[in-house]
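Asker: Please find one structure pasted underneath; my questions will follow.
The values are calculated or read from the model by the stated rules, or taken from the named source; none is laboratory data. Given the structure is predicted, the values throughout are model-derived calculations rather than measurements. Glycine also receives a Cβ, built like all others from the backbone with ideal geometry; neighbour counts cover every protein chain displayed. Note: accessible area is taken over every heavy atom of the protein model, side chains too, but ligands, DNA and RNA are not part of it. Shrake-Rupley method; radii C 1.70, N 1.55, O 1.52, S 1.80 Å.
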Amino acid sequence: TSIWIASVLGGPPHKLRDEAEADSISPDGSLICFEANSGRLGNREIWLMRPDGDEARKVFDTDENSSIGGLQWLPDGQRVIYYKVEGSNDNVVFVSADLKGGPLTTIRPPANPDNYIWLPDGRLVYRTGDDAVDVAGNLWQVRLDLQRNTFGKPQRVTEFTGIAVNPTSVTSDGKKLVIYEWRPHSIVFVGDLQAGGTRITTPARFSLDEQWNNPLAWTADSKAI
């Protein structure tokens, strides 16, 4: 991917950087955070640059057994927080740090967030769901205690059924949240094997609804699924 900047007033966009993924902009608008150096588990480096693409510098990195990204500025304006995915089991932790240097603090979330966004007052709004079969996918919120680096008690925000929702952005005053909804579904098709199992006939649709359907097994007589 590449990072571009464009004016909402019009004019052509301008490319800032190749092989990078933009994350966030500092509260004063002076810095753009981006991820780079993709590894086998995801991006391994977090960088900062000016809005014109100059003075890019790496601020955080990790090894091949993890990935990092999603940096956001915390409400105190002094520290930042980003996620770290540890190993191939997708366990997510947050890391709090000072851009000027110093020790990194690991903060474990109350649940493994599938998708999340930080609000200006330090609340974490996140979606959690085991898999696409459990498509409840509702949003929860939890406040981060900046003094103790711990999370409070989670509170449910939405009560959707049959859809999943992801938070995408928040207004600067933190009063309105933009989300998008999606409805994952899986369809079962059936076809006949030919030529010793090396070819298949044109599959026919088997499940007719728009829900999540997975074929599990044939009956013993191979006449039903």
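Asker: For the chain, what % of the accessible area comes from carbon and sulfur atoms, probe 1.4 Å?
Answerer: The nonpolar share, carbon plus sulfur, comes to 49 percent.
Asker: Right, next: Let me check I've understood the local charge: for P51, count other residues with C-beta under 12 angstrom from its C-beta, Lys and Arg +1, Asp and Glu -1. What total comes out? Write out the running numbers ahead of the final one.
Answerer: Values: positive: R17, R50; negative: D28, D52, D54, E55.
Its environment carries a net charge of -2.
Asker: What trypsin sites (Lys or Arg not before Pro) in segment 1-108 are in a loop by DSSP, with at most 14 other Cβ atoms within 10 Å of the Cβ?
Answerer: R40, K100
Asker: Taking the Cα centre as origin and putting +1 on Lys and Arg beta-carbons and -1 on Asp and Glu beta-carbons, what dipole magnitude results for segment 86-197, to the nearest 20 debye?
Answerer: The dipole of segment 86-197 has a size of about 580 debye.
Asker: Provide the per residue accessible area, probe 1.4 Å, for the chain, rounded to a whole number of square angstrom. Show your work: numbers first, answer last.
Answerer: Values: 14040 Å² over 225 residues.
I get 62 Å² per residue for this part.
Asker: Can I ask one more? Determine which lysines satisfy two conditions relative to K176: a Cα distance under 28 Å, and not lying fewer than 8 residues away in the same chain.
Answerer: Correct list for K176: K84, K153.
Asker: Here's something else I'd like to know. What are the trypsin sites (Lys or Arg not before Pro) within segment 138-199 that DSSP puts in a loop, where the Cβ has at most 16 other Cβ atoms within 10 Å? Don't skip to the end; give the middle numbers.
Answerer: Values: sites: R143, R148, R156, K175, K176, R199; in loops: R148, K175, K176.
Those that pass, being in a loop and sparsely packed, are R148, K175, K176.
Asker: Taking 8 Å as the Cα distance limit and 6 or more residues as the minimum spacing, I'd like the relative contact order of segment 111-225 as a percentage.
Answerer: Once divided by the residue count of segment 111-225, the mean separation gives 17 percent.
Asker: Quick one: compute the contact order of the chain, relative version, from alpha carbon pairs under 8 angstrom and 6+ residues apart, as a percent.
Answerer: Details: 472 pairs, mean separation 18.8, N = 225.
Taking the mean separation of contacting Cα pairs over the length of the chain, I get 8 percent.
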